[in-house]
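Derivation of every value follows stated rules applied to the coordinates shown; laboratory data play no part. Bear in mind that the values here come from a model prediction, so they are computed numbers and not experimental data. Reconstructed Cβ throughout: ideal geometry from the backbone, glycine too, with neighbour counts over all protein chains shown.
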């Protein structure tokens, strides 16, 4: 085998994670219908060759259900991360650029949001928005923009005071253009990394509030639904209902984490030589 | 043209120490004025006020009797800073530094000894002396009438210092750009300036 | 002059770096760097930025970043300075006076920092500060309340309180007015006169010549010439074309310059690093040139055919 350096390994790992995640998402979307099929002739089967993850009390194929559930989670994570990142961007920018009052308001809001336990706020918002896919998306995005916004605020404040931006102003360049040109190469890597690292949060939160019954509706093959259903059957020894979906959920979260680390390593020049 | 600082008084918001008290200075286009004072006497601050980076608490900066703002977006008084590595964006290539200036002719770029291949590098890949040449080129755009040089070669070796100043002297003489030179080196001031001013203790 | 305290011979430092994407390459920043310091002697290492002079200090102190690799020989009092040894001596017998203010803890009062965490040294601390004209009231100040010159003096105080045998000063003068800079160098001179060895790393040849006993000229990460202070008083006693160019570039000595610039580390030519700008360049400059003895030191130039230096 060719000897690879750490950086190549990291990039490779990130690429593999990306491919795996994409594969799960696409496969899950295609078997969505199959995940709902009930067949009482094969109910409560333990894992076997035909049904690697077993079947549940309604004879549904748990492997197909798990993949479909993960696919829902990833897609939800995608939308949520994008939403929170956009909120974070505008909030952070507003705090840094619009003066002391705006900064006070946004910073106060950030502190408030961070002060209240996420899960509580999440359940409230999701419930108020009528639960379901969009309820969860809004709930999570509203609660998860804070740390990225804080990061952007700090970075922008620092950049605004930099000599090179002041010089650009004296050289007659407009404020907006200068900000775009000088800040983008600093903000973009932070932003993208923040975005990727939001995924695992979104996915875990979706699963937990769905588990508690405030998230996706029980008909959907969501991981949270699967896990909460499995609770009733754990005592009767049907362990496979919880173990496989649970482990795979953790796996997906880990893959996103690796992907985030890889992206960070590639995009951040300060860590370029690690 | 004439650059005038009248009764400049300045203090930073955070401290109560007054940096400048009723400082006056006049520079004509054909002059090269040296500015000498111990450290902590507000030389850099004075340059920043002259270049329009800071507004003085009292007093005014006038170019031919008019405030700097009326000359449009490009400020005719340009400042070159002591630390070139802080004056360029570390994440943008060096050619963007030249592009930021106001139509910098090839003559200036080559005259400063900037090599073509440096333009495609990031600031971290150049030495202080090489970065400073870019900063000087950037400040020598078409609209520049006065140049403020704040210890621009204090961090550089003797040969680079002499290279830069020899070019700069020729350029400001040719274009009749007025020059303010802040330096701790009396030898340099003697060589470069037509007269030297001493900043008074506030 | 005393015996050898520090001897650095043929030091090379290279870094492992990632280029665009994930290609890895090795760049050599210092090569064939030779310098020695005797007890009671103040030696200045002078070089342009990018000549690798700060790395010399970090190399001796054993604080290079982890992606650096070092070869060559560093001896302290005649013995090889191993990693274990430097760790014992660092901050006690061998001290570094860092170049930047950021080495002080912004949240700790000056007095505590000079005492260096050890109790019962108030007296020594006061004495060290007092030596550099800082009164007892300085002990109660925080670093941000100090001016540039005071900060340098505090940094020096933290060094001398340990009564070191070898002091390495990394660019101690930038940002200081001429008078203050002279005073700071005077303090180092004093330490040398009291028997310590001082290695002064600077870009400012003019200042170095006012206080140092010997000057080592670096170019492109290599020692090109080493001579005593008097040799720099006239061009004729300097032998390397680069040292001569430095001499002529002083405002007092003509303010002339050689065109071109120091080659980029990745494009450093084999042999003499100055060959790209030298007017007297020869074919033999492209191969390794040894350091040879001169009347007042040693030089690495093919134009000088003296005896090879040890």
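Could you calculate the FRET efficiency of residue C:304 with residue C:4 from 1/(1 + (r/R0)^6), where r is the beta carbon distance between them and R0 is 30 Å, rounded to 0.05? Step by step, r from the Cβ atoms, then E = 0.80. Pair-distance distribution of region A:130-241: all C-alpha pairs, bin width 10 Å, starting at 0; shares per bin in whole percent are 12, 28, 21, 16, 12, 7, 3, 0. For residue C:145 and residue B:174, a Förster radius of 51 Å and the Cβ-Cβ distance give a FRET efficiency of 0.65, rounded to the nearest 0.05. Taking a ≥ b ≥ c as the square roots of the eigenvalues of the Cα gyration tensor, an a/c ratio of 1.5 or more together with a/b no larger than b/c marks region C:228-310 as oblate.
With a ≥ b ≥ c taken as the square roots of the eigenvalues of the C-alpha gyration tensor of region C:205-261, please select rounded if a/c is under 1.5 and otherwise prolate if a/b is larger than b/c or oblate if it is not?
Note, shape of region C:205-261 comes out oblate.
Kindly identify region B:138-202 as rounded, prolate or oblate by the Cα gyration tensor criterion: order the square roots of the eigenvalues as a ≥ b ≥ c, call it rounded if a/c is under 1.5, otherwise compare a/b with b/c, prolate if a/b is larger, else oblate. Judged from the Cα gyration tensor, region B:138-202 comes out oblate (a/c at least 1.5, b/c at or above a/b). By the beta-carbon count within 10 Å of each Cβ, the least crowded to most crowded order of C:304, B:165, A:134, fewest first, is A:134, C:304, B:165.
Computed FRET efficiency, Cβ-Cβ of residue A:90 and residue B:117, R0 51 Å: what is it to the nearest 0.05?
My answer for the efficiency is 0.80.
In this simple spin-label approximation, residue C:230 and residue C:210 carry label points 7 Å from Cα along the Cα→Cβ vector, and these lie 2.2 nm apart. Under the criterion of Cα pairs below 8 Å and six or more residues apart, the relative contact order for chain C equals 20 percent. Distance from the Cα centroid of region B:137-202 to that of region B:25-48 is 10 Å (rounded to whole angstrom). Working ranking of peptides A:159-166, B:182-189, B:67-74 by packing, defined as the average number of other Cβ atoms within 10 Å per residue, highest first, is B:182-189, A:159-166, B:67-74.
As a length-normalised measure over Cα pairs under 8 Å and 6 or more apart, the relative contact order of region A:158-274 settles at 25 percent. Against chain A, whose longest principal axis comes from its Cα atoms, helix A:118-128 is set at around 70 degrees. Once C-alpha pairs closer than 8 Å and six or more residues apart are averaged by separation and normalised to the residue number of chain A, the relative contact order reads 25 percent.
If I fit a long axis through the Cα atoms of helix C:178-193 and take the longest principal axis of the Cα atoms of chain C, what angle between them do I get, 0 to 90°, rounded to 10? So the inclination is approximately 90 degrees. Need one number: the % of Cα-Cα pairs in chain C sitting beyond the 33 Å mark. Considering chain C, 27 percent of its Cα-Cα pairs are separated by more than 33 Å.
How many Cβ atoms of partner chains, on average, are near each residue of C:252-263 if near means within 10 Å of its Cβ? Walk me through the numbers before you get to the answer.
On the way: counts 5, 3, 2, 11, 4, 11, 3, 3, 4, 12, 6, 0.
Mean inter-chain Cβ contacts per residue within 10 Å come to 5.
Counting only alpha carbon atoms, the long axis of helix C:122-131 and the longest principal axis of chain C meet at about 50°. In terms of surrounding Cβ atoms within a 10 Å radius of their Cβ, C:61, B:1, C:42 rank from fewest to most as B:1, C:61, C:42.
Taking the convex hull of the alpha carbon positions in region A:33-154 and averaging its projected area over all directions gives 9.7 nm².
Placing a label point 7 Å from the Cα of residue C:79 along the Cα-to-Cβ line, the residues of region C:144-175 whose backbone N sits under 17 Å from it are C:165-166.
In terms of other Cβ atoms within 10 Å, A:133, B:134, C:288 run from fewest to most in the order C:288, A:133, B:134.
Inter-part distance, region C:153-230 to region C:236-310, computed on C-alpha centroids, equals 23 Å. Residue by residue along A:160-170, Cβ atoms of other protein chains within 10 Å of the local Cβ number 6 on average.
In this label model, residue A:234 and residue B:196 are separated by 8.3 nm, measuring between points 7 Å along each Cα→Cβ vector. Counting every alpha-carbon pair across the protein assembly as shown, the share separated by more than 40 Å comes to 50%. Shown here is the pair-distance distribution of chain A: with all Cα-Cα distances grouped in 10 Å bins from zero up to the longest one, the shares run 7, 24, 27, 22, 13, 5, 2, 0 percent. Averaged over the residues of C:146-152, the number of partner chain Cβ atoms lying within 10 Å of the residue Cβ comes to 1.
Here the simple spin-label model places points 7 Å from the Cα toward Cβ, and for residue C:67 and residue C:118 these points are separated by 3.8 nm.
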